[in-house]
Amino acid sequence: MVARVVAVAGFLVAALLLLATAGRDDTETGFLIAVVVFLVVCALVVVLTIGLARSAVEAFPDHLRVRSGFGQWRTVSASDIATIETEASRWSGFNARDARRRKLFAVFSVYAGFRELCAWLEQHAPGPWGAYVAPGGPTKR
């Protein structure tokens, strides 16, 4: 949320600078290029934060509903989950994969409901979850 607000503010500042200098003969080309690059970067950050905010995993008694970024909602049953492995990032999360090693979903410990999802996986997918949390398992703990 903070990144999105900062990016929107940066986008607006860059747009105002571009509008203020448009049509002026004394504006340096380097400044205009820098403002346009800043404008594009801020717009990309806004789009990426919106995509990140749309990512979700919802647990139901018999399945999970998963959406990653701008993708569509998908249904994942507990039996689809073959392995759970550590996500290499500073937010410590994990990826769930099917038998063909396709990523079903990724979650991070900073996500709302992370503990509840872990409890759901422990109850509904005990094999993959047990291998994930076991010493020397996929997490190399």
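The values are calculated or read from the model by the stated rules, or taken from the named source; none is laboratory data. Remember, predicted model here, so these are calculated numbers, not experimental data. Glycine also receives a Cβ, built like all others from the backbone with ideal geometry; neighbour counts cover every protein chain displayed.
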May I ask you to verify whether GLU85 is over 30 Å from ALA7 (Cα atoms), touching a Pro at 6+ places or on another chain (Cβ under 6 Å) and modelled with pLDDT of 85 or more?
yes
Out of all the residues in the range 10-61, which are modelled with pLDDT under 85 and not in a helix (DSSP H, G or I)?
ALA22, GLY23, ARG24, ASP25, ASP26, THR27, GLU28
Mind telling me which of the residues GLU85, GLU116 ends up being in a helix (DSSP H, G or I) and either surrounded by 13 or more Cβ atoms within 10 Å (Cβ to Cβ) or not assigned by TED's automatic domain parsing to the domain that holds ALA7 (or both)?
GLU116
Restricted to the range 119-137 and to residues being without any contact (Cβ under 8 Å) to a residue 40 or more places away in the chain, in a helix (DSSP H, G or I) and aliphatic (A, V, I, L, M), the residue farthest from ALA53 (Cα to Cα) is VAL133
More than 13 Å from the chain's Cα centre (by Cα), more than 25 Å from GLY127 (Cα to Cα), surrounded by fewer than 12 Cβ atoms within 10 Å (Cβ to Cβ) and free of Cβ contacts under 8 Å to residues at least 12 places away in the same chain, is that true of LEU19?
yes
Taking the range 63-73 only, how many residues are free of Cβ contacts under 8 Å to residues at least 12 places away in the same chain and surrounded by 11 or more Cβ atoms within 10 Å (Cβ to Cβ)?
2
Got at least one residue in the range 94-113 being in contact with a strand residue (DSSP E or B) (Cβ under 8 Å, 6 or more places away or on another chain), touching a residue at least 60 places away in the same chain (Cβ under 8 Å) and not aromatic (Phe, Trp, Tyr)?
no
